[in-house]
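What follows is a set of notes on a single structure, which appears directly below.
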Amino acid sequence: MIIYGSRMYFQKNAVQSYGECGHCGRYAKQKSYQARKFGHIYFIPLIPAGPTSQVLNECSACNMGSHIPLDQCGPMVESLRENFKDWIIKIQDGETEVVPEPGASPVNIGVMIAGTVESLFCLGEIKDVDSIVEILDGSGLEFEKYIVLGRWNELRGDLPAAVTHYRSAAQKRPDDGVGWYQTAKAESLRSNAAGAEEAYNRYLQLHPDDIGVVAELANLYEAHKNHPKVVESYDRLYAMNSDLLANKQMKKVYKKACKKSQVEGQFLKQM
Ligand SMILES: [Zn+2]
């Protein structure tokens, strides 16, 4: 059998990071690089099969990543760089919020920076967050500093450190949901169910109507086979949106959890 197909050749500017894969959902090692797709026989590149592309976050578990043609990548990098510069100037002017687009609600500047750090790092625009952290520290923006450091450590695959920083952010500003939510996500990624549960609940005390986060908490309970809590959180989801009662997959999980826990869910009779 002749082995043929296509793959990315002549890789340049490779950067390794860790993250949740957009395709398989696993938190795994990822690679970002520039390369060109070639048809190959026995892995000898033969025919160019596409333009040179920037590959972002190629997952080591499922091999999927985002491919952006290099000519489209330039403007993207340019606007990332511009935004970033803008935010640094704002911080130095004592501002802590930015409006991401006209008409949108203002977002904390640390959260915006944390959201950009991954792209900047994977595109080779920054090597670390040392100078950003120094600027935040010098401006007395501790919450922002911890959010950026949390994100950075998540990106580097150091989940215990990420949790420590996110927890510091949450303690710095306990009435802001961001710190608790990020703590919950990072705790969940490192399979600390108790830590994730506590942080999710702190977040939900502040934002009880956030149905997406109630669903995340329900998934956490399901993954850790905490049947009574699966029933409780599904009851909460059904009460929030009765359309969910029609979802077959959810129904299956709910019925099973009621049976295993011997708790009669509030909606069991309607199934
Ligand atoms: Zn994957």
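The values are calculated or read from the model by the stated rules, or taken from the named source; none is laboratory data. It should be emphasised that the depicted structure is a prediction, and the values quoted were computed from it without experimental measurement. Cβ: placed from backbone, ideal geometry, glycine included. Neighbour counts: every protein chain shown. Only protein heavy atoms, including side chains, enter the accessible area calculation; ligands, DNA and RNA are left aside. Shrake-Rupley method; radii C 1.70, N 1.55, O 1.52, S 1.80 Å.
Suppose R0 equals 22 Å. What FRET efficiency, 1/(1 + (r/R0)^6) with r the Cβ-Cβ distance, do N247 and K269 give to the nearest 0.05?
On the way: r = 17 Å, r/R0 = 0.78.
Rounded to the nearest 0.05, the efficiency is 0.80.
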**OP:** Check each of the GluC sites (Glu not before Pro) in segment 169-271 and keep only those in coil by DSSP with at most 12 other C-beta atoms within 10 angstrom; list them in order.
**Re:** E264
Original post:
How much accessible area per residue does segment 4-69 have, in Å², with a 1.4 Å probe?
Top reply: 57 Å²
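Please list, by residue number, every one of the trypsin sites (Lys or Arg not before Pro) in segment 65-150 that is coil in DSSP and has at most 10 other beta-carbon atoms within 10 Å.
Details: sites: R81, K85, K90, K127, K145; in loops: K127.
Sites meeting the loop and neighbour criteria: K127.
Pull out a ≥ b ≥ c, the square roots of the eigenvalues of the alpha-carbon gyration tensor of the chain, then state rounded if a/c is under 1.5, prolate if not and a/b is larger than b/c, and oblate in the remaining case.
oblate
Before I look further, what does segment 105-187 give for accessible area per residue, probe 1.4 Å, in whole square angstrom? Don't skip to the end; give the middle numbers.
Working: 3150 Å² over 83 residues.
For segment 105-187, the solvent-accessible area averages 38 Å² per residue.
For segment 164-271, calculate the relative contact order in percent as a whole number, restricting contacts to Cα pairs under 8 Å that are 6 or more residues apart. Walk me through the numbers on the way to the answer.
Details: 106 pairs, mean separation 18.1, N = 108.
The normalised contact order for segment 164-271 reaches 17 percent.
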Subject >> Under 16 Å from the S261 label point (7 Å along Cα→beta-carbon), backbone N, segment 178-204 >> reply: 194, 197-198, 201
**OP:** Anything over 22 Å Cα to Cα? Flag those among K229/K259; K29/K85; K185/K269; K185/K251, in the order listed.
**Re:** K29/K85; K185/K269; K185/K251
Original post:
Taking each full run of DSSP H in the chain as one helix, which ones are at least 27 Å long along their axis (Cα atoms) and have mean Kyte-Doolittle hydropathy of at least -0.5?
Top reply: 70-92
**OP:** Would you give the gap between the C-alpha center of segment 139-183 and the C-alpha center of segment 185-259, rounded to a whole Å?
**Re:** 23 Å
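Pop out the carbon and sulfur fraction of the accessible area of segment 113-208 as a percent, whole number, probe 1.4 Å.
Of the solvent-accessible surface of segment 113-208, carbon and sulfur hold 42 percent.
How much length, in nm to one decimal, is gained on full extension between T52 and Q16, taken as 0.36 nm per residue of separation minus their Cα-Cα distance? Don't jump to the answer; show the numbers that get you there.
Details: separation 36, 0.36 × 36 = 12.96 nm, distance 1.93 nm.
Extra length available between T52 and Q16 comes to 11.0 nm.
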**OP:** For segment 208-271, report the accessible area per residue in Å² (1.4 Å probe, heavy atoms, rounded to an integer).
**Re:** 63 Å²
Original post:
What is the log10 of I(q)/I(0) for segment 4-69, computed with the Debye formula using one identical point scatterer on each Cα and no solvent, at q = 0.16, 0.21, 0.27 Å⁻¹?
Top reply: -0.53, -0.83, -1.08
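Of the accessible area of segment 4-69, with the probe set at 1.4 angstrom, what percent is carbon plus sulfur? Walk me through the numbers on the way to the answer.
Values: 2000 of 3770 Å².
Carbon and sulfur atoms account for 53 percent of the accessible area of segment 4-69.
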Original post:
For segment 208-271, max minus min Cα coordinate along each principal axis, in Å, sorted largest first?
Top reply: 27, 26, 18
Subject >> Relative contact order [Cα under 8 Å, 6+ residues apart], the chain, whole percent >> reply: 10 percent
